[in-house]
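Student: Quick one: the structure is below, questions incoming.
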Amino acid sequence: MASTVKAATLTTTITEQLTLNGHTYGNTITCSIASQGEVVQRIMNIPATETSVLDLGSSTDGLGTVVGDSLAYFRITNLDDTNHVFINVGVDQSGSTDGQVTFKLGAKKSLLLMNNQIAIEADDAGAYVLEDIYLIKAKCSAETNVDIEFIAITA
């Protein structure tokens, strides 16, 4: 049986707006990415121990796994109104999956990624190397668990 799912264009819009002393600041940026055909969206309860949120691999091996090279959009939002959560992004540094970048995501805050690569400083001269993200984990900082929501969109 042939699939009836047809790839579509993802449209994202980011708007900033701030009025100070009668002057308005900010902008609206819209981005369209064609041929997106897979969506993973989930709300998760995150404990104080590191918990896998999304695997980025070479194939879709199962629940919570997407093809890393086709990641077009990833948003993770801390749904808690008080506590922060740590978002740990596993980075494949030159074939060794031991690198990690950690973000502290405050209450009701979001983190966006628009592809599966992150720049890592390679040496003291300030050179950067693009490395693949292979795993996204989360860990709450509070005694009580924190809810997060994420959405990942791929081709």
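The values are calculated or read from the model by the stated rules, or taken from the named source; none is laboratory data. Model, not experiment: these values are computed from the prediction. Glycine also receives a Cβ, built like all others from the backbone with ideal geometry; neighbour counts cover every protein chain displayed. For accessibility, only protein heavy atoms count, side chains too; no ligands or nucleic acids. Shrake-Rupley method; radii C 1.70, N 1.55, O 1.52, S 1.80 Å.
Student: Can you give the accessible area of L18 in Å² (nearest 10), computed on protein heavy atoms with a 1.4 Å probe?
Tutor: 90 Å²
Student: Roughly speaking, to the nearest percent, how much of the stretch 39-155's 1.4 Å accessible area is carbon and sulfur?
Tutor: Values: 2850 of 6130 Å².
Carbon and sulfur atoms account for 47 percent of the accessible area of the stretch 39-155.
Student: In Å, what Kirkwood hydrodynamic radius results for the stretch 30-155 from the alpha-carbon pair distances? Can you show the working numbers first?
Tutor: Numbers: mean 1/r = 0.0659 Å⁻¹.
Hydrodynamic radius (Kirkwood, Cα pairs) of the stretch 30-155 is 15.2 Å.
Student: Taking a probe of 1.4 Å, how large is the accessible area per residue of the chain, in Å²?
Tutor: Per residue, the chain has 60 Å² of solvent-accessible surface.
Student: What do the square roots of 5 times the Cα gyration tensor eigenvalues come to for the stretch 1-101, in whole Å, largest first, as semi-axes of the equivalent ellipsoid?
Tutor: Values: eigenvalues 171, 111, 46 Å².
So the three semi-axes of the stretch 1-101 are 29, 24, 15 Å.
Student: Return the distance in nm (one decimal) between the two label points of a simple spin-label model at M114 and M1, each offset 7 Å from Cα along Cα→Cβ.
Tutor: In this crude spin-label approximation the distance works out to 3.8 nm.
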